[in-house]
Structures are given as structure tokens and as C-alpha cells.
1. Taking a 32 Å limit on the Cα-Cα distance, which of the listed pairs K573/K602; K158/K234; K111/K347 fall beyond it?
2. With the dipole of region 49-101 worked out from charges on the C-beta (+1 for Lys and Arg, -1 for Asp and Glu) around the Cα centre, which of A51, A95, V85 lies farthest toward the positive end?
3. If the chain between N363 and F19 were fully stretched, how many nm would it gain, using 0.36 nm times the residue separation less the Cα-Cα distance?
4. When the helices in the chain are scored as -39500 (n - 2.57) per DSSP H run of 4 or longer and the sum is shared across all residues, what 222 nm value do you end up with, to the nearest 500 deg cm²/dmol?
5. Which one, (i) 37.6; (ii) 43.6; (iii) 66.1, gives mean projected area of the Cα convex hull in nm² as derived from the coordinates shown?
6. Excluding same-chain residues fewer than 8 positions from K310, which aspartates and glutamates have a Cα within less than 15 Å of its Cα?
7. How would you classify region 85-130 from its alpha-carbon gyration tensor, with a ≥ b ≥ c the square roots of the eigenvalues: rounded for a/c under 1.5, else prolate if a/b is greater than b/c, otherwise oblate?
8. Is region 1-89 rounded, prolate or oblate when judged by the Cα gyration tensor, a ≥ b ≥ c being the square roots of its eigenvalues, rounded requiring a/c under 1.5 and prolate requiring a/b larger than b/c?
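The values are calculated or read from the model by the stated rules, or taken from the named source; none is laboratory data. Because the structure is a prediction, the values reported are computed rather than measured. Here Cβ is always computed from backbone atoms with ideal geometry, including for glycine, and neighbour counts include all displayed protein chains. Just the protein is used for accessible areas: all its heavy atoms, side chains included, with ligands, DNA and RNA removed. Shrake-Rupley method; radii C 1.70, N 1.55, O 1.52, S 1.80 Å.
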Amino acid sequence: MYYSLIVLLPLLGALIAGFGVRWTGERYAQIIPSALLILCAVMSWFGLPGAVEWDAREPITWFRWMASGELDISWGLRIDTLTGVMLIVVTTVSAIVHVYSMGYMADDPSKPRFFAYLSLFTFAMLMLVTADNFVQMFFGWEGVGLASYLLIGFWYHKDTANAASMKAFIVNRVGDFGFALGIFGVFAVYGTLNFDAVFEAIPGSQGATFKFLSWEVGVLNTLGMLLFIGAMGKSAQFFLHTWLPDAMEGPTPVSALIHAATMVTAGVFLVCRLSPLYEYADGAATFITYIGATTAFFAATVGLVQNDIKRIVAYSTCSQLGYMFFAAGVGAYEAAMFHLFTHAFFKALLFLGCGSVIHAMANEQDIRKMGGLWRMIIPTYVLMMIGTMALTGVPPFAGFFSKDMVLEVAYAASNNAGMYAFWLGIVVAAMTSFYSWRLMFKVFHGPRNGDPEAYAHIHESPPVMLIPMGVLFVGSILAGAVFYNYFVGDGAHDFWGHSIVHAKANYLYVEKYDEMHNIVHAAHYVPLWVKALPFFAMLSGLLLALYFYVWRPETPARMRAANPGAYQFLLGKWYFDELYQTIFVNPSMLLGKFFWKKGDGKTIDGAIDGLSMGIVPMVTGIFNRMQSGYMFHYALAMFVGVAVIVTFAVTGG
């Protein structure tokens, strides 16, 4: 009942805000969902030890959902450490966003609808992370997609918001198609969709193949690839990432909720939940490693030149998700979840800090029109400074512990994919530091570049916005140091239990080998230069940002002028949108226009118009002439008819 309440209370909040506002009033339509989420967050923190102890020994079954032949699906909750960690992440960030939104959305006329969407999104995400079978997970997966569509397009009067919500929905459907095929494949192979039953049967499928066209294809690698395609869409990985920056059209609290700890981390959670599969699907795991590392690099390069304050942080999210994926790809699921956990705090803090800056600057989001703000909004400056230090990996903040561990496990993997991820990860660490400090220097330091009228009315955010950011401030400082031992230290094996597979390393830096000496344990014994390199990468990015934007602020303009092609390439986001427009959108539009004009207009409508304008009038004209109104005409017709019938009967006889 305890964990069931955590999942169901956000749904209750969504119903109250969405349908009960006429009885509760607008104010309580905000307060009640927020209070319920705070309660869920507190229960999740206190429920973590119970989840660790439970360790998926048996699911909490609510009711039987569907049964058809071999398919037997119950609706219930899977409780283990992985679930417990995700409950904390989702409910904590959601509760903070709910409270923050009471201040940020104070002037919006549709606040109850906004809070209903927030709570609905949280419920769908909780259903996803507590699922005990693929069907229930898919329900939460699609629920999150629906709620994100509603939240991104919340300001539906803006064409850009409508376009962004449609783009997010459609791109995610591409990934979800692969996810659905993967689920179908799992059922076809194993005859069940319950996690425990599938996980128990996976070792027996090792080496199994099936014939596809003229190739023999591995069963487990195929399933792993299809399921990961779904993760690529939700987590905005390379090729399916294009929806992420456009999603910034939604209100800033939405950006914090979707892009810090919930929707975009669903793919990472999926891979970690399916770790028993990926441990036997080497090809799929290697693919995950390469995609994750490539995504981290791509997003970091684009983040270098962005000027929208929210888009910079959004590309940072995309890049950090790449870190999580390549950690999971090399088998270090513990490290991937550790970075997911710490990232939730400092990235939500940065997004909400951006919202505070936008609030102060009268909705201005272009960092080129800011500058010199630190004295005017000191609390926001301090909070964003902490978030930036955590993101870039300054010790002893949260990101220092988790990001360094991700890079160390990539090196410890000792294979080509791991080395690719490690070295790209080092480069990305330097770029992350550069664009993060670029944002801080251009927004809070230097000359005032914005509208004097906007500067005249700058004011700090109200306490209802600053206090939630303060909670994230604490998490950004302590989450890494406090939880290090549990997630990736000596206590990791007992902490994670059977919720994930403790993957073995290809080689170890310790002599003794047992089940506790896995790839994460091996990462603690990598060479000292491997441990030190991320710090120096971070320091190089900081010094370069200081040189560009503090010591020699004329340098960026000079470099842009000297390298216009490279600058436009990065500013154009590697031209993926234009490429997809040319390859997919334009041909689809032409095909649709062809079917509309030629198929529907000429063929279908033409045929109907031909019938209605030609044949039908001719036939009706004939029958119309037969209706003369004279009795002897009708009598003659009857006589001829009877004569024909009698003649036919006699002849036939």
C-alpha cells in the first residue's frame, strides 16, 4: 500500500487540478497537487531502504489486466533498488517543479491546467519506473509521451510551441515503433512479457539466431537493438535528438521536469532495467556505447555556440545523457544510474535558475542581451554557480563524483568501444566546462548588453521559486559524496542487489576476482592519470572560457569571422533538421499532396462525381419517363411483365 500511494497520489492531484478546479478554486488547484507531490517525495526517500530490502522478491499485484492465450498481464509494481532510486528522482524533482511553478506561472491564466499536466506526467513516469512487465512499461512510456506533448505545447497560442510539441511527439513515435517491435519480439521468443520470466530465460537464448532475408541474425542482439531504439527517442540520442532543443518552447518548469530527471532519463532506466538482456547482447551493448559517446560529443559541440539560455542547458542534458548511455553500454549500470541520480539535482537547478533569470529579465532568453546581472540577482547567481560547478565536475560537487566514475568505467572496459567513449568523454568534459562557464560569464559578468528598460525592472525571484532551488542546491553539493559508496563504492553490490546485473570487466586491475570485482570495482584501480584527466579537462574549459569572455572578449567575434563555415555548421546543429526536412518531411508532403490531389481529388472524388453527374441522372431520367401518371401505361407494363414471367415459366418447364 505504501508504494502504491506514491504512484497513485500524483494521479489524484492531476484529477483534482484538471476536473475539480470548479470546487477547489484556482489557488487550491495548485496547492493540492503540490502538497501531494511533496508527500510522495518524502515517502520515496523513507521508502528507499524498504525497496533495497525488498529486492524484487515478489511484485505488488493490483489486479489482472489482460489474458489472451499465453499472454497474461497483471497490473502491479516491481519494487527493488532501481525502482527506489527512480522514485526518489522523479518525485523529488517533480515536487520541486510543482512548488516552483506556483511562482513562475503566477500570471498565467491556465494554472490549473498546467498543474494537471504536471501531475499527469509524474504519474505516467512513476508507472514506467515501477512496471513489472513490458506492457505496463509501454503504458507509462506512452503516457509520458502524451503528457510531454501537452506540456511542451502548453502555450498553444504560439505557433512555435505547437510545432515543437508535434515534433517531439512524432520523433518519439519513431523510437516507440522500434520499442513496440522489441516487445513483440520478446513475446514471440519467450511467450511472456513479465520481466522475471524473461530474465530467467535469457541465458538459454545465448547464441540463438533467426534467419532474416539471407542473414543469420542473433536473437538477443536484435531484441536489444529494437528496445534501445525506443530509448534513443525518449532520451534524445543521436539521430533521434532533434526534438529536444525545440522542446524549450514549453514553460521553463517543464524543461526542468522533462529534461533533468524524468522523461529523458527513461531510456537510461530502460537499459539498466534490461541489464540481464544486454549482458548477453554484446552487439547491442557495443552499439549503445558508440551512440552514447557520439551523442555526448555532438551535443557538446552544438552547445558551444548556442545563444538561447535554455537551449544551452538543453544540449548539456543531451550530452550528459550520452555519458549515461556509454556507461551502461560498457556494463557499468551502477555508474550510469549514479550519474542519472546526481544529474537530476544539478540540471534541474540550472533549468530553474535559467527560469529565474528569464523571470528577472522580462522573458528575455538571449544571453547576448544580458550581462552584469550577478549584483542584481545574487541568490540566483549563487545557485546557478553551484549548479555549474556540479555540472562541470568541480570537486567536491555531485558531478565530480559521477562523471569521473563514468569516464573511469569506460577506460576500464578495455575494448575499442570503451576507449572511443573514454577519449570522446574527455573532450566533451572540456567542452562542457567551456560552454557552461560561457553562459555564466555572459549572463552574470561583463557589460550590460540588454534593454535598459529591462534592466531597470530587474528583480529577484520570490521565495516560492528560490526555496525549491535551495533544495536542489543541497543535492548538487551532497548527492555525489553521500551516495558514492552506495552506488559505485564498496557497498554497491549489497545496495543494488538483484535489481541490475553487476557486469564483469574484460580485464581487472586487481588480482582477486569474485562477483564483487566487476567493471565498476575495476574502475577504482585505473591509472592515476585516468582519474586526473577529467579534472584537467574541466580546468582547461574554464580557463578557455575566461580567456574568451573575460580577459579577451573580442576573441569570439574574431574566431567567428575567421571560421564562418564551422561556426554556421555548429549553429545549424549539424544541419540535422534540414537533412530530415529534405529526406523525410518534403517527400512525405509531396506524397501526401499526390494522394490528396490525384488519389482523393481525381480518382475517388472524380469517380463519385462521374456517377453523380452522369450515370445517375441518366438512369433516373429513364425511370422518370416511365412514371407518366396514366393508368393504362401502368396496366400495359403489368400485362407485359406477367406475359414475360409466364413465357419464361412455360419455356423453362
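1. K573/K602
2. Going by the charge dipole, the pick is A95.
3. Going from the current span to full extension adds 120.8 nm.
4. So the helix-based figure for the chain works out to -22500 deg cm²/dmol.
5. (ii)
6. D246, E249, E364, D366
7. Note, shape of region 85-130 comes out oblate.
8. oblate
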